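Report on the following structure.
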Amino acid sequence: MTQTPSTPTNFTFCPQCAAPLAWQSAEEDGGPKFRWRCTACTFTHWNNPTPVLAAVVEMEGTGQVLLARNAAWSGKVFALITGFMEAGESPQEGIAREVKEETNLDVSQLHLIGAYDFKRMNQVIIAYHVVASGDIQLSPELVEYRLFAPEKLRCWRAGTGYALADWLTSKGITPQFVE
């Protein structure tokens with residue numbers, strides 16, 4: 001991209017020296033590349049995608065899938081359990097932690113579904129199918145949950161919706177999408 005975006009996505013000043021960032025070209029692998037760069041030192045704002053973890057949570061013994069509604073969302077949208085990876089943990093440890101933190105459920109099995117881009121939020125979603133058990137107690141981040149039979153689930157056309165669709169396909173269920 002050679003056109004100047006209006007502002008950097010995260011900040012406008014260098015975190016090392018506090019000088020302004022500017023949309024500048026510099027030689028990188030493969031040729032010149034425009035990025036937000038410090039006007040006074042060597043800092044470059046890479047703006048790399050953030051890894052986000054997601055889980056299709058299957059309730060042990062029932063086969064039902066838990067979807068939850070985030071407190072920050074308007075409307076009645078239910079989705080997978082998601083969260084950010086923490087420094088020092090593997091994706092597997094991270095998704096087990098997120099499921100525990102957000103639902104109070106204990107993960108007994110987990111299997112990678114895949115990785116999905118979510119460009120609108122500059123994220124890469126690493127999605128797992130987990131089998132979990134326990135008494136559901138939602139964190140303050142979530143306001144409501146529902147349990148669904150897999151064949152009743154409807155997918156959405158965004159990162160985690162495609163992960164859910166791939167999981168359903170792996171179970172021999174043709175995914176249905178909401179429009």
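The values are calculated or read from the model by the stated rules, or taken from the named source; none is laboratory data. Owing to the predicted nature of the structure, the values given are computational and were not obtained by experimental measurement. Here the Cβ positions follow ideal geometry from the backbone for every residue, glycine too, while neighbour counts run over all protein chains shown.
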When you scan the stretch 1-112 for strands (runs of 3 or more DSSP E) that lie fully inside it, which ones turn up with 2 or more residues that are at pLDDT 95 or above? 50-59, 65-70, 81-84
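Matching residues to (1) touching a residue at least 24 places away in the same chain (Cβ under 8 Å); (2) surrounded by fewer than 16 Cβ atoms within 10 Å (Cβ to Cβ); (3) out of contact with any Lys or Arg (no Cβ under 8 Å at 6 or more places or on another chain):
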| site | (1), (2), (3) |
| --- | --- |
| THR50 | yes, yes, yes |
| ALA79 | yes, no, no |
| VAL99 | yes, no, yes |
| ASP117 | yes, yes, yes |
| ASN122 | yes, yes, yes |
Among (1) part of a loop (DSSP other than H, G, I, E, B); (2) in contact (Cβ under 8 Å) with a residue 24 or more places away in the chain, which single condition is VAL130 missing? (1)
Residues that are surrounded by fewer than 18 Cβ atoms within 10 Å (Cβ to Cβ) and closer than 19 Å to PHE177 by Cα, drawn from the stretch 124-158: ARG146, LEU147, PHE148, ALA149, PRO150, GLU151, LYS152, ARG154, TRP156, ARG157, ALA158
Verdict on ALA165 being touching a residue at least 40 places away in the same chain (Cβ under 8 Å) and within 11 Å of VAL56 (Cα to Cα): no
Name the pairs: first residue in the stretch 25-37 and in the same structural domain as PHE13 (by TED's automatic domain parsing), second residue surrounded by fewer than 10 Cβ atoms within 10 Å (Cβ to Cβ) and in a strand (DSSP E or B), Cβ to Cβ under 6 Å, at least 6 apart or on different chains? none
State the number of residues belonging to the stretch 159-179 that are surrounded by 15 or more Cβ atoms within 10 Å (Cβ to Cβ) and either basic (Lys, Arg) or under 20 Å from the mean Cα position of the chain (by Cα) (or both). 10
Evaluation of GLY161 against (1) assigned by TED's automatic domain parsing to the domain that holds LEU66; (2) part of a loop (DSSP other than H, G, I, E, B) (one fails), failing number: (2)
